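Following: one structure in structure tokens, then a few remarks.
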Amino acid sequence: MQPILPVFTAENHIVFNFHKKMILSGIMQNQFSQIINKVTFVFKKEIMLSVSLLAAVISLFITPPQLKLLHDIDWRTLATLFMLLTVLEGFKKERIFNPLLKMTEKIGGITGLSFFFVFCVFFSSMFVTNDVSLIIFVPLTIILFRLGNKEKYLLPVLTFENIAAIRGSLLMPFGSPQNLFLYSQSGISTSDFIKMMFPLWIFSAFLLAGFILFLYRKDLSEKITYNQTQNSNPSSAVSVSGNESSKKKKILYISLFVVVIASIVSRTEFWPFVTIGVALLLIIFDRKILLQTDYVLLLTFLCFFIFSSSICSNPAISEFLQKNVSGHEYLWSILLSQVISNVPARIVLWPFASMQNGLRALLYGLDSAGLCSIIGSLASVINLRLYTREYPGQGKKFIFTFTWISLVFFAIVVLPQLFLLLSLQVMPASRTLPL
């Protein structure tokens, strides 16, 4: 008996294709839904990225994008940040920080350890910029406080380090991007610049010491003992791989770090070639390290630069600043930095500053703006990111602690700085008029 085969009519074919399309559509919808959920999760987790991206999108509606926008973005800062983040990931992988961590083993008290890290940031920020000092010392601070079971003090100490980076770097012309820009534009000598900023710097050092002592006021001699499960040695924690790395890679990363710092301090115009060279060497010798670079932080900075450049290109906004900034640079630099951060604010306000006292007022304001909010200084954004990478979902906790401690510090320094500005009516250096 012959088997009865199904007869596929035109109607059967249509039904079959319909079910096939429905199944494929369901699969695509499911995949799309998974992508949306992942993106939503990332933006909920990365608060600053969400804020900066939203701000960038809104700014593009206020000022339609033009080719000039690409020119106005601070690519140099982004390139420098990329190199530093990547090279310092290599430092962690190769345990290059071990000698520094071994030094901390001799510090038996939590007060002394806090002084050590806070003032390492304070003094190093003058020479390697405030961003770099935080990128170096914040991860080490987290490691040591975690190993010593002193995480209850971690957020205040990280806030002190943030303040130390902002206030320590203000002494030198190359301590921060805003200092470097204004120093280059004004034509002021290095010695006059240092004299101008020294009162703020020395006062901040003593004030920071007072904050640290107040934190540990109940027991200034409180001891710190490192967790035995980490081989009783803080330096054993600085590694993401279990194998000892070759000396060649250590030499490579130390050499690259020196090159990057030299490019920052020398203000070389060949920074694109330095960036390409660093990237190529890493691709050749340790390409996996490029996967560990914090691209979320880089994207956050890019969004902030797009926002500030777009806003400042708006003719109505430029006209408003022309009429209102001169003579009120101190207030404007503090307030505007809370919207676009102090790095972009320096570019926006400088053309509208007065010739007589504008430089000093801008420097005092921009170097204090980061004490008011996270957005006030991009160094603070870096600090937040470094913390949330180790403690996911704890960003709000960081922002709360950072804000109230920094605001107290700001409240103490803001009026003395204003009185100093009012008492010094004549600038000690000529100012080059902007074109």
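The values are calculated or read from the model by the stated rules, or taken from the named source; none is laboratory data. Predicted, not measured: the structure shown is a model, and the values here were computed from it. Reconstructed Cβ throughout: ideal geometry from the backbone, glycine too, with neighbour counts over all protein chains shown.
Once the stretch 342-367 is narrowed to residues that are part of a helix (DSSP H, G or I) and without any contact (Cβ under 8 Å) to a residue 60 or more places away in the chain, the residue that is farthest from Cys312 (Cα to Cα) is Gly365. For the stretch 133-146, state whether one or more residues are touching a residue at least 40 places away in the same chain (Cβ under 8 Å), assigned to a helix (DSSP H, G or I), under 21 Å from Ala369 (Cα atoms) and out of contact with any helix residue (DSSP H, G or I) (no Cβ under 6 Å at 6 or more places or on another chain). There is no residue in the stretch 133-146 that is touching a residue at least 40 places away in the same chain (Cβ under 8 Å), assigned to a helix (DSSP H, G or I), under 21 Å from Ala369 (Cα atoms) and out of contact with any helix residue (DSSP H, G or I) (no Cβ under 6 Å at 6 or more places or on another chain). For Val339, state whether it is in contact with a helix residue (DSSP H, G or I) (Cβ under 6 Å, 6 or more places away or on another chain), in a helix (DSSP H, G or I) and over 17 Å from Ala361 (Cα atoms). Criteria not met by Val339. Scan the stretch 258-317 for residues that are acidic (Asp, Glu) and in contact (Cβ under 8 Å) with a residue 24 or more places away in the chain and the total you get is 2. Only a single item in (1) within 30 Å of Ile284 (Cα to Cα); (2) surrounded by fewer than 22 Cβ atoms within 10 Å (Cβ to Cβ) is not met by Leu67, and it is number (1). Within the stretch 164-180, the set of residues being surrounded by 24 or more Cβ atoms within 10 Å (Cβ to Cβ) and either part of a loop (DSSP other than H, G, I, E, B) or without any contact (Cβ under 8 Å) to a residue 24 or more places away in the chain (or both) comprises Gly175, Ser176. Residue pairs whose Cβ atoms lie under 6 Å apart, sitting 6 or more positions apart in sequence or on different chains, and linking a residue in the stretch 45-74 that is within 18 Å of Lys396 (Cβ to Cβ) and in contact (Cβ under 8 Å) with a residue 24 or more places away in the chain to a partner that is among the polar types (S, T, N, Q) and in a helix (DSSP H, G or I), are Met48/Thr300; Leu49/Thr300; Ser52/Thr300.
Of the numbered criteria (1) closer than 22 Å to Phe419 by Cα; (2) modelled with pLDDT of 90 or more; (3) surrounded by fewer than 22 Cβ atoms within 10 Å (Cβ to Cβ), the one Gly327 fails is (2). Tell me, please, whether a residue that is farther than 25 Å from Tyr295 by Cα, of a type in the set (S, T, N, Q), at pLDDT below 75 and not in a helix (DSSP H, G or I) can be found in the stretch 17-28. Checked the stretch 17-28: no residue is farther than 25 Å from Tyr295 by Cα, of a type in the set (S, T, N, Q), at pLDDT below 75 and not in a helix (DSSP H, G or I).
Being at positive phi and buried (at least 16 other Cβ atoms within 10 Å of the Cβ) is a property that does not hold for Ser354.
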